[in-house]
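Asks: Supplied in structure tokens, the structure appears directly below.
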Amino acid sequence: MNVTEFEVTVPESSVDDLRARLSLTRWPDAETVSDWSQGAPLSFVRSLAEHWEHKYDWRAIEAKLNSLPQFRAEIDGLGIHFLHVRSPHEGATPLLLTHGWPGSVLEFLDVIEPLTNPADPADAFHVVVPSLPGYGFSDRPAETGWGVERIARAWSSLMTGLGYERYAAHGGDWGSFVTAELGHVDASRLIGIHLTMVFAGPPEAQVELTQRDYAGLAALKQFQATEAGYSAIQMSKPQTIGYGLQDSPVALLAWIAEKYYSWTDHDRAFEEVVPVDKLLDAVSIYWFTGTATSAARLYWESHNKVSMHQVSVPTGVTIFPKDARMPKAWIEARFTDLRYWNDAEVGGHFPGIERPDVLVQELRTFFRHVR
């Protein structure tokens with residue numbers, strides 16, 4: 001595997017172009033309701049856009065990324081970007097972290113240092129964080145076929161190319177699907193997998209469900225009814241929505257920011273959970289790399305098409321209250337060596353941003369069971 005060093009360098013002309021486009025935004029009428037039932041409120045998006053235009057500093061997150069070892073490698077004909085931060089502790093466990101949509105490698109920046117350099121060397125990891133194909137600084141596929149299964153095979157090749165014969169893996173959102181698929185295609189090499197937002201169908205045998213199980217299933221049904229419009233569009237017509245997301249920074253901002261607001265656990269000001277600059281970092285990655293459309297295509301490739309293979313590798317699951325919650329009995333039927341289950345009290349869809357300390361502790365706790 002040919003690995004080359006990589007550095008993020010966004011031209012100043014691209015930053016100027018973003019600000020110019022923001023200044024020329026044609027704003028819609030305000031919503032006719034007092035809540036989020038029609039989508040992201042005008043005042044919310046306008047405030048974010050004004051901060052993006054006048055106060056946001058892209059160079060700060062660019063410098064943070066460039067302070068970490070970044071690389072690109074060609075795998076299965078596609079250039080894949082990844083962070084590879086080795087622990088100073090001898091014998092650290094290789095750990096592959098996979099993000100989802102609308103995320104990027106930025107989701108894991110706050111967990112890299114505690115994972116690679118903990119107080120107890122027994123908890124140390126060598127951390128590998130790839131950008132999904134079509135996301136961030138990875139190449140955009142020019143052909144069909146880059147779904148979850150192919151990504152999992154590419155990740156296996158990546159870890160082999162980095163010299164890791166055995167490794168651990170974690171993922172959320174699409175990263176959860178990729179990591180579960182790794183548990184199927186690369187089981188002999190995996191020490192264990194840890195998942196958030198984990199899915200499974202009802203088992204053939206009848207199982208008893210708890211009231212919390214029923215509440216989780218009801219929440220999923222409600223999500224499909226009121227929150228899944230983005231998914232229906234991206235799985236069916238990603239090219240059509242892509243014209244707006246590629247051309248209008250405010251369209252992209254509203255499309256992504258709404259998800260961060262809706263999917264995080266915030267009983268206080270949203271900005272206290274996801275600071276404005278971190279939210280704009282997440283959106284800016286998509287804007288400067290021009291990957292909104294290619295990222296959306298992963299839904300066209302894989303949504304409702306991923307095989308729910310049975311997985312026998314040691315598995316840990318952390319369920320956060322503002323994320324998808326499925327019955328434990330269903331998960332146990334699919335992941336047959338479920339070693340760890342924690343129904344967390346707080347947190348949402350982006351634990352690496354919302355609760356990085358909790359995510360670090362969950363990873364440490366589970367992998368202590370299997371190393």
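The values are calculated or read from the model by the stated rules, or taken from the named source; none is laboratory data. This is a predicted model, so every value here is computed, not measured. Cβ atoms come from the backbone with ideal geometry, glycine included; neighbour counts cover every protein chain shown.
Asks: Of the residues Phe82, Phe108, only one is at pLDDT 95 or above, aromatic (Phe, Trp, Tyr) and in a helix (DSSP H, G or I); which?
Replies: Just a single option satisfies the conditions, and that option is Phe108.
Asks: Name the single residue, out of those in the range 118-127 being within 21 Å of Arg166 (Cβ to Cβ) and not β-branched (Val, Ile, Thr), that is surrounded by the fewest Cβ atoms within 10 Å (Cβ to Cβ).
Replies: Of the residues in the range 118-127, the ones within 21 Å of Arg166 (Cβ to Cβ) are 118, 120-127.
When the remaining residues are screened for being not β-branched (Val, Ile, Thr), the result is 118, 120-126.
Numbers: Pro118: 17, Asp120: 9, Pro121: 13, Ala122: 14, Asp123: 23, Ala124: 23, Phe125: 29, His126: 21.
Looking at residues that are within 21 Å of Arg166 (Cβ to Cβ) and not β-branched (Val, Ile, Thr), I get Asp120.
Asks: Can you name the residue in the range 38-55 that is out of contact with any helix residue (DSSP H, G or I) (no Cβ under 9 Å at 6 or more places or on another chain) and not polar (S, T, N, Q) and, of all such residues, is surrounded by the most Cβ atoms within 10 Å (Cβ to Cβ)?
Replies: It comes out as Pro41.
Asks: To continue, here is another question. Within the set of pairs 6+ apart or on separate chains, which have a first residue in the range 96-112 that is surrounded by fewer than 24 Cβ atoms within 10 Å (Cβ to Cβ), a second that is assigned to a loop (DSSP other than H, G, I, E, B) and acidic (Asp, Glu), and C-beta atoms under 8 Å apart?
Replies: Gly100/Asp173; Trp101/Asp173
Asks: What's the total number of residues in the range 10-55 that are under 30 Å from Leu78 (Cβ atoms), in contact (Cβ under 8 Å) with a residue 12 or more places away in the chain and polar (S, T, N, Q)?
Replies: Count: 1.
Asks: Given the criteria at pLDDT 95 or above, among the acidic types (Asp, Glu), assigned to a helix (DSSP H, G or I) and in contact with a helix residue (DSSP H, G or I) (Cβ under 7 Å, 6 or more places away or on another chain), does Asp277 qualify?
Replies: Values: at pLDDT 95 or above: yes; among the acidic types (Asp, Glu): yes; assigned to a helix (DSSP H, G or I): yes; in contact with a helix residue (DSSP H, G or I) (Cβ under 7 Å, 6 or more places away or on another chain): no.
Criteria not met by Asp277.
Asks: Look through the range 319-345, keep the residues that are surrounded by fewer than 18 Cβ atoms within 10 Å (Cβ to Cβ) and either touching a residue at least 60 places away in the same chain (Cβ under 8 Å) or part of a helix (DSSP H, G or I) (or both), and return whichever of them is nearest to the chain's Cα centre (by Cα).
Replies: Asp343
Asks: Exactly one of these conditions fails for Leu252: (1) at pLDDT 95 or above; (2) under 20 Å from Phe177 (Cα atoms). Give me its number.
Replies: Failed condition: (2).
Asks: Then there is this: Give all pairs with beta carbons closer than 6 Å in which a residue from the range 140-152 that is over 17 Å from Gly172 (Cα atoms) meets a residue that is at pLDDT 95 or above and small (Gly, Ala, Ser); count only pairs at least 6 apart in sequence or on separate chains.
Replies: Pairs that qualify, where the first residue is over 17 Å from Gly172 (Cα atoms) and the partner is at pLDDT 95 or above and small (Gly, Ala, Ser), are Arg140/Gly134; Arg140/Ser294; Pro141/Gly134.
Asks: On to the next question. What single numbered condition from (1) in contact with a helix residue (DSSP H, G or I) (Cβ under 7 Å, 6 or more places away or on another chain); (2) assigned to a loop (DSSP other than H, G, I, E, B) fails to hold for Ser231?
Replies: The single condition Ser231 does not satisfy is (2).
Asks: Further question: Could you grab me the full set of residues in the range 280-316 that are surrounded by 16 or more Cβ atoms within 10 Å (Cβ to Cβ), in a loop (DSSP other than H, G, I, E, B) and more than 19 Å from the chain's Cα centre (by Cα)?
Replies: So in the range 280-316, the residues surrounded by 16 or more Cβ atoms within 10 Å (Cβ to Cβ) come out as 280-289, 291-303, 306, 311, 313-316.
Of the ones still in play, those that are also in a loop (DSSP other than H, G, I, E, B) are 291, 303, 306, 313-314.
Across the range 280-316, the qualifying residues are Val313, Pro314.
Asks: So which pairs qualify, if the first residue must be in the range 194-206 and part of a loop (DSSP other than H, G, I, E, B) and surrounded by fewer than 19 Cβ atoms within 10 Å (Cβ to Cβ), the second must be at pLDDT 95 or above and basic (Lys, Arg), the Cβ gap must be under 9 Å, and the two must be at least 6 apart or on different chains?
Replies: Phe199/Arg334; Gly201/Arg334; Pro203/Arg334
Asks: Scan the range 113-123 residue by residue and report those that are free of Cβ contacts under 8 Å to residues at least 40 places away in the same chain and either within 14 Å of Pro351 (Cβ to Cβ) or assigned to a loop (DSSP other than H, G, I, E, B) (or both). Reasoning before the result, please.
Replies: The initial filter retains those residues of the range 113-123 that are free of Cβ contacts under 8 Å to residues at least 40 places away in the same chain, namely 113, 116-117, 119-121.
Residues satisfying the conditions are Asn117, Ala119, Asp120.
Asks: Spot the failing condition for Tyr164; the list is (1) in a helix (DSSP H, G or I); (2) surrounded by fewer than 21 Cβ atoms within 10 Å (Cβ to Cβ); (3) in contact with a strand residue (DSSP E or B) (Cβ under 8 Å, 6 or more places away or on another chain), and only one is missed.
Replies: (1)
Asks: Output the residue which, of all residues in the range 56-84 that are over 30 Å from Thr160 (Cβ atoms) and touching a residue at least 60 places away in the same chain (Cβ under 8 Å), is surrounded by the fewest Cβ atoms within 10 Å (Cβ to Cβ).
Replies: Step one: of the range 56-84, the residues over 30 Å from Thr160 (Cβ atoms) are 56-63.
Remaining after also requiring touching a residue at least 60 places away in the same chain (Cβ under 8 Å): 56-58, 60-61.
Values: Tyr56: 24, Asp57: 12, Trp58: 21, Ala60: 10, Ile61: 20.
Looking at the filtered set, the residue picked out is Ala60.
Asks: If Gly348 satisfies all but one of (1) assigned to a helix (DSSP H, G or I); (2) within 16 Å of the chain's Cα centre (by Cα); (3) under 30 Å from Gly39 (Cβ atoms), what's the number of the condition it fails?
Replies: Here Gly348 meets the rest and fails (1).
Asks: Restricting the search to the range 128-157, which residues are in contact with a strand residue (DSSP E or B) (Cβ under 6 Å, 6 or more places away or on another chain), surrounded by fewer than 24 Cβ atoms within 10 Å (Cβ to Cβ) and not in a loop (DSSP other than H, G, I, E, B)?
Replies: The answer is Val128, Ala154, Ser157.
Asks: In the range 13-37, what count of residues is obtained for those that are within 27 Å of the chain's Cα centre (by Cα), surrounded by 11 or more Cβ atoms within 10 Å (Cβ to Cβ) and under 30 Å from Ala225 (Cα atoms)?
Replies: Total meeting the criteria: 1.
Asks: Answer yes if at least one residue in the range 226-243 is in contact with a Pro (Cβ under 9 Å, 6 or more places away or on another chain), crowded, with 20+ Cβ neighbours inside 10 Å and of a type outside the set (Lys, Arg), and no otherwise.
Replies: Among the residues of the range 226-243, not one is in contact with a Pro (Cβ under 9 Å, 6 or more places away or on another chain), crowded, with 20+ Cβ neighbours inside 10 Å and of a type outside the set (Lys, Arg), which makes the answer no.
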